[in-house]
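J.: Got a structure here, written out as structure tokens. Questions coming.
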Amino acid sequence: MAEERIDLVPGTLEMLVLKALQPGALHGYAVARRIRQMSDDVLTVEEGSLYPALHRMARRGLIEAEWGRSEANRRAKFYRLTRDGNARLGEHVVQWDRVSTAVTRVLAAEWRTA
Amino acid sequence: MRVLDALRIYRRPPDSRPIAEVDADIREELAFHIDARERELIAAGTSPRDAARLACTCLGDVDHVFADCREIELGERNMLQRINFALTLVALLMLGVFLWRAEDGRAQTLNGFGAIEAELASLRTTVITPRVPVQQEAPIGGVTQPDPLSYLESPPPHGDPKSAVYVLGKVAHPGRFRWSKDLTLTKLIALCGDFQEFANRSSVRIIRTSSEGRVIIHVNVDDVLSGELPQIKLQRGDQIYVPESFF
């Protein structure tokens, strides 16, 4: 199963993190797990790059962090989507839709031979 | 839009917490991740020993991840601190220079004008005898040259102080010079044997007295020489003061 997993398309980590946080606050580990689950175990987040991304997004005001208690009653840092983050997610979705549609068109094109 | 997007990094003010607290937060967050990973591996059937080993590698180089997060959290603050420090240093330096120049200018004004008046008084009462060209020893080759300085000082202004101009300060040969209609400031400086070292060429003062009072004109001689300012014709009785400057 692990062989079927693929790394994220470059530039999509922010979009996927924002989407994972849309239902509610999650700690970093749960964000990675949710992305994996939402993609039916196809996409894996490189965990080493997840935390710098989370901190960067928090600095930019797309998400906000707050310490809380995990399901194992351990102190954990939870991230929550902000209004700006929600708007940014909308922009990402529109852009991704355009890109994926364009790529699909390119791949579906048939070459006519003389 | 990209510019605005880039500026979003400044939306949240720099973290003002102590650095140790920021570091501890990042370490605790990463430790939580490793711990959660270990729990999940154990729950999936991995032995605790293997789970601990695998969990430690899930983040890759933890120190690197920590350093990245730390740079994001504190980088902006460090940069602002460096900018603040540099600006403070520059401001203090500028203040120091300003105060020093102001004090220097005040001293020059207080001492300078007193000295100017005293020198002028002595110049007005001194009868300058024209220099007789000094015959220099004939150099090898046999050609005799007159002393170039003999042309620098004009003859006495025929007893009328108003037909003279006066040069004081940091020039090679300060003194009283005969005024003529085509006498300009730069010509007069040349007659004085040029500026001395540390002469403030950018703030040469022409002190002009008329029936309406005394006017002080500051002239940047370099601007005149470069053509940015027109030649300045001198008037009878003008007093030229070349101050000193170490800049």
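The values are calculated or read from the model by the stated rules, or taken from the named source; none is laboratory data. Computed from a predicted structure; not experimentally measured. We place every Cβ from the backbone using ideal geometry, glycine too, and count neighbours over all the protein chains shown.
J.: Would you mind listing the strands (runs of 3 or more DSSP E) fully within segment B:173-223 where at least 3 residues are surrounded by 14 or more Cβ atoms within 10 Å (Cβ to Cβ)?
T.: B:175-178, B:204-210
J.: Only one of B:THR88, B:THR109 is of a type in the set (Ser, Thr, Tyr), assigned to a helix (DSSP H, G or I), surrounded by 10 or more Cβ atoms within 10 Å (Cβ to Cβ) and modelled with pLDDT under 80; which?
T.: Details: B:THR88 fails: modelled with pLDDT under 80.
Among B:THR88, B:THR109, only B:THR109 is of a type in the set (Ser, Thr, Tyr), assigned to a helix (DSSP H, G or I), surrounded by 10 or more Cβ atoms within 10 Å (Cβ to Cβ) and modelled with pLDDT under 80.
J.: Which of the residues spanning segment A:60-91 are closer than 15 Å to B:ASP25 by Cβ, surrounded by fewer than 22 Cβ atoms within 10 Å (Cβ to Cβ) and under 16 Å from the mean Cα position of the chain (by Cα)?
T.: The answer is A:GLU64, A:PHE78.
J.: Which count do you get for residues in segment A:1-24 that are more than 14 Å from chain B (Cβ to nearest Cβ) and either under 26 Å from A:GLU66 (Cα atoms) or outside any loop (DSSP other than H, G, I, E, B) (or both)?
T.: 12
J.: Here's another thing I want to ask about it. Could you tell me whether segment A:27-49 includes any residue that is over 11 Å from the mean Cα position of the chain (by Cα), more than 10 Å from every other protein chain (Cβ to nearest Cβ), under 26 Å from B:ASP15 (Cα atoms) and in a strand (DSSP E or B)?
T.: no
J.: Additional query: Give me the pairs: first residue in segment B:63-75 and facing another protein chain (nearest Cβ under 7 Å), second residue surrounded by fewer than 18 Cβ atoms within 10 Å (Cβ to Cβ) and among the polar types (S, T, N, Q), beta-carbon distance under 7 Å, and six or more apart or on different chains, which are they?
T.: none
J.: Let me ask something else about it. Restricting attention to segment A:59-90, which residues are in contact with a Lys or Arg (Cβ under 7 Å, 6 or more places away or on another chain), under 21 Å from B:GLY75 (Cβ atoms) and at the interface with chain B (Cβ under 8 Å from one of its Cβ atoms)?
T.: A:ARG59, A:ARG60, A:GLY61, A:LEU62
J.: I need a count of the residues in segment A:42-58 that are over 21 Å from A:VAL93 (Cα atoms) and surrounded by fewer than 21 Cβ atoms within 10 Å (Cβ to Cβ). Give the derivation first.
T.: Of segment A:42-58, the ones over 21 Å from A:VAL93 (Cα atoms) are A:46-49, A:51-52, A:55.
Of the ones still in play, those that are also surrounded by fewer than 21 Cβ atoms within 10 Å (Cβ to Cβ) are A:46-49, A:52.
The number of residues fulfilling the criteria is 5.
J.: Going through segment B:27-62 one residue at a time, which ones are among the small types (Gly, Ala, Ser), surrounded by fewer than 16 Cβ atoms within 10 Å (Cβ to Cβ) and facing chain A (nearest Cβ under 9 Å)? Walk me through it before giving the result.
T.: Taking segment B:27-62 as the starting set, the residues that turn out to be among the small types (Gly, Ala, Ser) are B:31, B:36, B:43-45, B:47, B:51-52, B:55, B:60.
The next check asks that each one be surrounded by fewer than 16 Cβ atoms within 10 Å (Cβ to Cβ); those that pass are B:31, B:43-45, B:47, B:60.
If the condition is that a residue be among the small types (Gly, Ala, Ser), surrounded by fewer than 16 Cβ atoms within 10 Å (Cβ to Cβ) and facing chain A (nearest Cβ under 9 Å), then B:GLY60 is the only one that fits.
J.: Can you say whether A:LEU21 is of a type in the set (A, V, I, L, M, F, W, C), modelled with pLDDT of 95 or more and under 13 Å from the mean Cα position of the chain (by Cα), as far as the supplied structure shows?
T.: The answer is yes for A:LEU21.
J.: Can you go through A:LEU89, A:LEU107 and tell me which one is in contact (Cβ under 8 Å) with a residue 60 or more places away in the chain and among the aliphatic types (A, V, I, L, M)?
T.: Result: A:LEU89 is the single residue among A:LEU89, A:LEU107 that is in contact (Cβ under 8 Å) with a residue 60 or more places away in the chain and among the aliphatic types (A, V, I, L, M).
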